Amino acid sequence: MEEREKNNYEITFWLKEENPSVIKDLLLKNNCEILEEKELKKMQLSYPIKKEKFAFFGVIKFSSYSEAIKNMEGALNLNQSVLRYAIGNVNKKIESPENSEIRSQSPMRERSAYAGSSFKKKEEEILTNEGLEKKIEEILN
């Protein structure tokens, strides 16, 4: 039997009360391992969420199997003390453009090089007053 590998995730959330045990209990119930937890911060919201003007913001990093995320999302949606949440996968590493051969061959690089060359052509086409007068004479004649 093939052994599955756990992925690392991060959940950010806004709570009504200063009690992160709601999130922690849900993580533990779904066999998640808590890796790192940041202290809750009380913050004023930019706009009211469920008629609340203040909320407690928190972040917890954990490892879990991907199947557990769907179960947690359903439970988080039903929980009245959770105003908002977002769960993201933190396994994926962002490569720097200097170290990645794949990025150097990407179409975006080609487009930017093309855009730079067309910009240079426009600079070369700038006419002086004398050149402009000649163009006008050619058009009129």
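The values are calculated or read from the model by the stated rules, or taken from the named source; none is laboratory data. Note that the structure is a prediction, hence the values are computed from the model and not measured. Counting neighbours? That spans all protein chains shown, and the Cβs are built from the backbone with ideal geometry, glycine included.
Of the strands (runs of 3 or more DSSP E) entirely within the range 1-80, those holding at least 1 residues that are touching a Ser or Thr at 6+ places or on another chain (Cβ under 9 Å) and at pLDDT 90 or above occupy 7-15, 33-37, 52-64.
The single residue among Phe62, Phe13, Phe54 that is without any contact (Cβ under 8 Å) to a residue 24 or more places away in the chain and aromatic (Phe, Trp, Tyr) turns out to be Phe54. Taken across the range 77-87, residues that are of a type outside the set (Lys, Arg), within 22 Å of the chain's Cα centre (by Cα), surrounded by 11 or more Cβ atoms within 10 Å (Cβ to Cβ) and closer than 22 Å to Arg4 by Cβ do occur, with at least one present.
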